[in-house]
Amino acid sequence: MRGFLASSIGVTCAAVLALPSVPAAGAVPTAGRAAEPHVAGIPGSTQSLPLAPLTHDRSLGAATAQGLFRQDVRHFSMVGVIWDNPDTELHGRVQVRTRAAGTDAWSGWQDVETHNTEHAADPDTAERSSGRVRGATAPLWVGDSDGVEVRVRAADERRTEETGRGTRTLAATSPLPSGLRLELVDPGDEAPAQHAPVDASRTGTLDLETAESLSASAANVDLAPLGTTEIPALDERETEQELFALRAGELTEQQRAKPYIGPRPRIVTRRGWGANEKLRERGFVYTKKVKAAFVHHTASGNGYRCSQVPSVIRGIYRYHVRSMGWRDVGYNFLVDKCGTVYEGRAGGVAKPVLGAHTLGFNSNSMGIAVIGTFGSAKPPAAAVTAVARLTAWKLGLWGANPQGKTYLKSGGGNLYRKGKNVRLNVISGHRDGFSTECPGRQLYRKLGTARSTSARYQGR
């Protein structure tokens, strides 16, 4: 395989509260990291605002409700809440409302998905133990806004205990995590680059930002020219020829005689959705192979237009890196409701890039996130078909049957102890590897369709 700069190697898915007024927001430092002010010419920024206590239970020694009153802020389009310890869960409810930019129109209260800590790098990896990782809600896409209000309420927990006269119910309130902060993400409004592929003969004079962009693009150099904004779709014959070129020395005799692989789908590259490559850590980290695909939803809401997806992904990317402390966006691929596939974590779409999507099962797998929230909303057919097309191709590169089973070794989680070999569907939902609602009940119900369709694309 050719490899211009692509061999960079790393070592290593309520009642309204009366809230107190607080000063107008700027970019406020988070404990342990510097503030990120808006810089002219660099797209995007993150405002980080500490939440204020609203009520207090002395027996707990911690605030049981925190928030911020309505206030003016710089433009943002995505919102989330973070806290200090990534191993601490937030048991409670997070709600926000926002003001559409340039108007007096405030939204109603919107719930923010609190169970997001299971989307993470595996325990004992360099990414997880970097000291920069924080607990976080899922990010919520709210569109261009310049005002915000937030409230976080701890959950009431009830338990029973036996007494001499029978049983009694005791009520308690879970303490909120320490260091709660509101993150307001501006993904930047610059359109993705649409110029011709990069001239590799001129790379010697590039600055760091351009060099990092070139490095991310070069990881796909076996599939498309440097600087391309999309990797085009291939037909069945072209895909088989590409497979032989990429994996010639690794294919079995049976695979060479009859490769089961779906036609390569069109994939929008990181350059295509406008990734600022200076945000992520340098270099790439790989696992050994791709034996399984975990399907997720981003839980970021369904109120986006497909034309806004590059901005949505830039927001998720910035939130994962700047707010949550990951080395890059966690998912290997993202799929929108119109069925477009996007490159996620850098390192090459045909390569086994190690993600941070399914805590305990990131090794030898890939993570695909459908952009949206699918607990009660049904996923669009175009998105399910795109998942099938993508898995038929990517799993086919590694000889995996979409309708089959495989074994993955757990890195540790709340369903399987570390070191346990777990038998999983080759196409699994996030909840199969970790106790979570992800990818949402409605999307999870469609995984059987995705498996059978994916297998059909492979010619099985």
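The values are calculated or read from the model by the stated rules, or taken from the named source; none is laboratory data. Note that the coordinates shown come from a computational prediction; the quantities given were computed from them, not determined experimentally. Positions of Cβ are backbone-derived with ideal geometry, glycine not excepted, and every protein chain shown enters the neighbour counts.
Being farther than 19 Å from Tyr317 by Cβ, in a loop (DSSP other than H, G, I, E, B), modelled with pLDDT of 95 or more and under 26 Å from the mean Cα position of the chain (by Cα) is true for just one of Gly179, Gly131. Which residue is that?
Working: Gly131 fails: modelled with pLDDT of 95 or more.
Unique residue meeting the criteria: Gly179.
Which count do you get for residues in region 230-252 that are assigned to a loop (DSSP other than H, G, I, E, B), surrounded by 13 or more Cβ atoms within 10 Å (Cβ to Cβ) and at pLDDT below 95?
Start the filter on region 230-252 by keeping residues that are assigned to a loop (DSSP other than H, G, I, E, B), which leaves 232-235, 251-252.
Retained after the next criterion (residues that are surrounded by 13 or more Cβ atoms within 10 Å (Cβ to Cβ)): 233-234, 251.
Now drop any that are not at pLDDT below 95, which leaves 251.
Residues flagged as assigned to a loop (DSSP other than H, G, I, E, B), surrounded by 13 or more Cβ atoms within 10 Å (Cβ to Cβ) and at pLDDT below 95 within region 230-252 amount to 1.
Look at region 76-109 and say how many of its residues are more than 15 Å from Glu183 (Cβ to Cβ) and in contact with a Leu (Cβ under 7 Å, 6 or more places away or on another chain).
Total meeting the criteria: 1.
Over 24 Å from the mean Cα position of the chain (by Cα) and modelled with pLDDT under 95: does that describe Glu149? Spell out the reasoning first.
Working: over 24 Å from the mean Cα position of the chain (by Cα): yes; modelled with pLDDT under 95: no.
For Glu149, the condition - over 24 Å from the mean Cα position of the chain (by Cα) and modelled with pLDDT under 95 - is not met.
Would you call Ser215 among the polar types (S, T, N, Q), in contact with a strand residue (DSSP E or B) (Cβ under 9 Å, 6 or more places away or on another chain) and at pLDDT 60 or above? First the steps, then the outcome.
On the way: among the polar types (S, T, N, Q): yes; in contact with a strand residue (DSSP E or B) (Cβ under 9 Å, 6 or more places away or on another chain): no; at pLDDT 60 or above: yes.
Against the criterion (among the polar types (S, T, N, Q), in contact with a strand residue (DSSP E or B) (Cβ under 9 Å, 6 or more places away or on another chain) and at pLDDT 60 or above), Ser215 does not qualify.
Run Ala193 past the list (1) of a type outside the set (D, E, K, R); (2) at pLDDT below 95; (3) buried (at least 19 other Cβ atoms within 10 Å of the Cβ); (4) under 23 Å from the mean Cα position of the chain (by Cα) and report the number of the one that doesn't hold.
Failed condition: (3).
If Gly102 meets every condition in (1) outside any strand (DSSP E or B); (2) under 22 Å from Thr298 (Cβ atoms) apart from one, which number is that one?
(2)
The conditions are (1) aromatic (Phe, Trp, Tyr); (2) crowded, with 24+ Cβ neighbours inside 10 Å; (3) in contact with a Ser or Thr (Cβ under 7 Å, 6 or more places away or on another chain), and Phe284 fails exactly one of them. Which is it?
Exception for Phe284: condition (2).
Would you please list the contacts, defined by Cβ atoms under 8 Å and residues six or more apart or on different chains, that run from a residue in region 264-278 that is more than 15 Å from His320 (Cβ to Cβ) and at pLDDT 95 or above to a residue that is assigned to a helix (DSSP H, G or I) and of a type in the set (Asp, Glu)?
Arg264/Glu238; Arg264/Glu242
Could you tell me how many of the residues in region 260-269 are part of a loop (DSSP other than H, G, I, E, B) and either buried (at least 21 other Cβ atoms within 10 Å of the Cβ) or at positive phi (or both)?
Just the residues of region 260-269 that are part of a loop (DSSP other than H, G, I, E, B), to begin with: 260-266, 269.
When the remaining residues are screened for being either buried (at least 21 other Cβ atoms within 10 Å of the Cβ) or at positive phi (or both), the result is 261-262, 264-265, 269.
The total comes to 5.
What residue, among those in region 376-403 that are of a type in the set (Val, Ile, Thr) and in contact with a Lys or Arg (Cβ under 9 Å, 6 or more places away or on another chain), is nearest to Gln254 (Cα to Cα)? Don't jump to the end; show me each part of the working.
Within region 376-403, the first condition is being of a type in the set (Val, Ile, Thr), and the residues that meet it are 384-385, 387, 391.
Retained after the next criterion (residues that are in contact with a Lys or Arg (Cβ under 9 Å, 6 or more places away or on another chain)): 384, 387, 391.
Values: Val384: 30, Val387: 26, Thr391: 20 Å.
Among residues in region 376-403 that are of a type in the set (Val, Ile, Thr) and in contact with a Lys or Arg (Cβ under 9 Å, 6 or more places away or on another chain), the one nearest to Gln254 (Cα to Cα) is Thr391.
Quick check on region 305-326: of everything there that is β-branched (Val, Ile, Thr) and touching a Phe, Trp or Tyr at 6+ places or on another chain (Cβ under 9 Å), which residue is surrounded by the fewest Cβ atoms within 10 Å (Cβ to Cβ)? Explain how you work it out, then say what you get.
Of all residues in region 305-326, those β-branched (Val, Ile, Thr) come to 309, 312-313, 316, 321.
Filter once more, keeping what is touching a Phe, Trp or Tyr at 6+ places or on another chain (Cβ under 9 Å): 309, 312-313, 316.
Values: Val309: 21, Val312: 27, Ile313: 28, Ile316: 26.
My answer is Val309.
Taking the residues in region 53-70 that are at pLDDT 90 or above and surrounded by fewer than 17 Cβ atoms within 10 Å (Cβ to Cβ) as candidates, determine which candidate is farthest from Tyr304 (Cα to Cα). Write out each step before concluding.
Pass one, region 53-70, residues at pLDDT 90 or above: 53, 65-70.
Right, trim to surrounded by fewer than 17 Cβ atoms within 10 Å (Cβ to Cβ) and you get 53, 69-70.
On the way: Pro53: 32, Phe69: 26, Arg70: 24 Å.
Of everything passing the filter in region 53-70, Pro53 is farthest from Tyr304 (Cα to Cα).
Can you report the number of residues in region 320-333 which are over 9 Å from the mean Cα position of the chain (by Cα) and part of a helix (DSSP H, G or I)?
Qualifying residue count for the region: 3.
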